[in-house]
Every structure is written in C-alpha cells, then in structure tokens.
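The values are calculated or read from the model by the stated rules, or taken from the named source; none is laboratory data. Everything quoted here is computed from the prediction, not taken from an experiment. Cβ sites come from the backbone with ideal geometry, for glycine too, and all protein chains shown count toward neighbours. Quick note on the areas: whole protein, heavy atoms, side chains included, nothing else; ligands and nucleic acids left out. Shrake-Rupley method; radii C 1.70, N 1.55, O 1.52, S 1.80 Å.
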Amino acid sequence: MQVRIIGAGASGLTAAYFLRKAGYSVEVEERELGPGGMIQTSREPLGLRESAANAFVNSHWIEQISADIGIELVAPLRSARARFIFRGRPRRWPLNFLETIVLAKKALATRVLSPDGFGARPRETIATWGKRCLGSPSVDYLLGPALGGIYAGPPEELSASLILASLKEARLSAVGLKRHGSVAPREGMGEFMKKLADWLTGNGAKISYGKEAGALIPGPGEKVVVATSLADATEILGRSFPQAS
C-alpha cells in the first residue's frame, strides 16, 4: 500500500518512519525547503538555539529511532534542570507558607477520605481536580503555569483523566531506559529531524520539498495522512473535503 504524508515536521517524519518499518511505500510532501517544521536548531555564539522543543521525554521509541538514524542522545546538565514559575519573581516553589499548608492538608484529606483518591472523575478538568485534591492556590500558581507550558492550554480546558493517565504511562514506560527524563541530540533537535529524513530517503521513502499539498483524494491503493498544524490541515482539507474542514 502507498501512503502519502502531507508535512515533513516531527509528526509527519515519525509517521513515515513507522510506516516504512512496517513495510509500507511512503511519500512525504513538504511545502518548505527542508524537514523539521517548527523544530529547527541554529548555532549561535553562546550555543545552540532551538525554535521549538529543546528535548524529548525519553522512551523506548526515542531510543530505538535514535539508534536507527545514528543519533547520540545526551542528558541535560544538572544545572539546567532547575525549573522556575514566575509569581512576582522567578520561584522554584511558587506557593507561600500558608498555601503550602493548604496543599498538604488537602492532599492528606484526599488520600485518606476521598473514595476516588487522586484519580480523576469523569469529565473532570485539571482545574476542578486540582481544587478538589490540592486546593485552589495550587491550581493558580502551580498546576496552571506548569501544565499550561506543556499542553498550551488553561487548566479549565485540560482533561485531568488524560493528563494523569499520560503521567502514569510515562512512569511505567521508563522502566529499562538507558536515561530517564529529558534527552536531546547532541547537536540539537534539528539534527534529529534531518537525520530522520536522511534515514527515510535511504530506506526507500520519497520526500518532496517545496511542494504544496494538492487534492487529497487518494489514488487506487493509496492512503493520505495529513501531518500539519490544525490551521494548515483545515485549509488543506477544504480543497477536497469541505465538510471535514
């Protein structure tokens, strides 16, 4: 089967990688002149500068792909692991003394008295889960800033069940890893994208750069994967599938 992938960013290239490993014929179309999409790396006088993500959360898939494409993964320096939340000024711990006491009391009560424990209830948001289990200050000054920076949304719009499940899955999947936590290619995330694209072209996939997506009507025996941003996907789908757009 032939699979045509629109977009040579992170999602498009990894989709192409797994499809080629599974034996599919793959063609990737990208309107830019190189791979990576938003993930690009440039070298500046003070070091590498990333345009988007600067690391992966390590997993067995990341280690496997990196080994296949010849990428060396490195862990961040200990000094780079500090995390700060801004509340008047950068703080390692954004809650004050009384708010910390509230968090401790709410967490203890949740653990001992709540029939759900720290599990998420149906259709519960991070905001409602956090207020129930940890208290309002934790939502405003801890969960909101921390998770908003990861998931790009306010706690009132984030699903507690999905996020808690993903954290649990990450802990379970970390068993047996060479390195835990964040890892990155030594020469930056852009290197990962370029070497993944090179691996694909060296293993039978075709990547066409500078090519705008045309009609999405699949040909005989063909499947089409749209691996772009939501805005671009809406525009691309509109040419062939207005209702889906």
Which of the residues that make up region 178-193 are under 19 Å from Trp61 (Cβ atoms) and either open to solvent by less than 20 Å² (accessible area, probe 1.4 Å) or not in a loop (DSSP other than H, G, I, E, B) (or both)? Ser182, Val183, Ala184, Pro185, Met189, Glu191, Phe192, Met193
Sort out which residues of region 194-218 are open to solvent by less than 50 Å² (accessible area, probe 1.4 Å), outside any loop (DSSP other than H, G, I, E, B) and closer than 17 Å to Asp68 by Cα, and write them in order of number. Leu196, Ala197, Trp199, Leu200
In this structure, is Leu162 within 21 Å of the chain's Cα centre (by Cα), open to solvent by 20 Å² or more (accessible area, probe 1.4 Å) and within 30 Å of Ile65 (Cα to Cα)? yes
Report every pair of residues separated by at least 6 positions or lying on different chains whose Cβ atoms are under 6 Å apart, first residue within region 30-41 and over 12 Å from Leu13 (Cα atoms), second among the acidic types (Asp, Glu) and outside any strand (DSSP E or B). Arg31/Glu212
Please verify whether region 65-86 includes one or more residues that are under 18 Å from the mean Cα position of the chain (by Cα), under 18 Å from Ala197 (Cβ atoms) and outside any strand (DSSP E or B). yes
Give the residues of region 1-29 that are touching a residue at least 24 places away in the same chain (Cβ under 8 Å) and open to solvent by 20 Å² or more (accessible area, probe 1.4 Å), sorted by residue number. Met1, Gln2, Arg4, Ala10, Ser11, Thr14, Ala15, Arg20, Ser25, Glu27
If I go through region 93-131 residue by residue, how many of them are part of a loop (DSSP other than H, G, I, E, B) and within 13 Å of Tyr141 (Cα to Cα)? 4
Is there any pair linking a residue in region 216-234 that is under 14 Å from Glu30 (Cα atoms) to one that is part of a loop (DSSP other than H, G, I, E, B) and modelled with pLDDT of 90 or more, with Cβ under 6 Å and at least six apart or on different chains, and which? Ala227/Gly7; Thr228/Gly7
Residue within region 44-56 that is out of contact with any helix residue (DSSP H, G or I) (no Cβ under 7 Å at 6 or more places or on another chain), without any contact (Cβ under 8 Å) to a residue 12 or more places away in the chain and open to solvent by less than 30 Å² (accessible area, probe 1.4 Å) present: yes
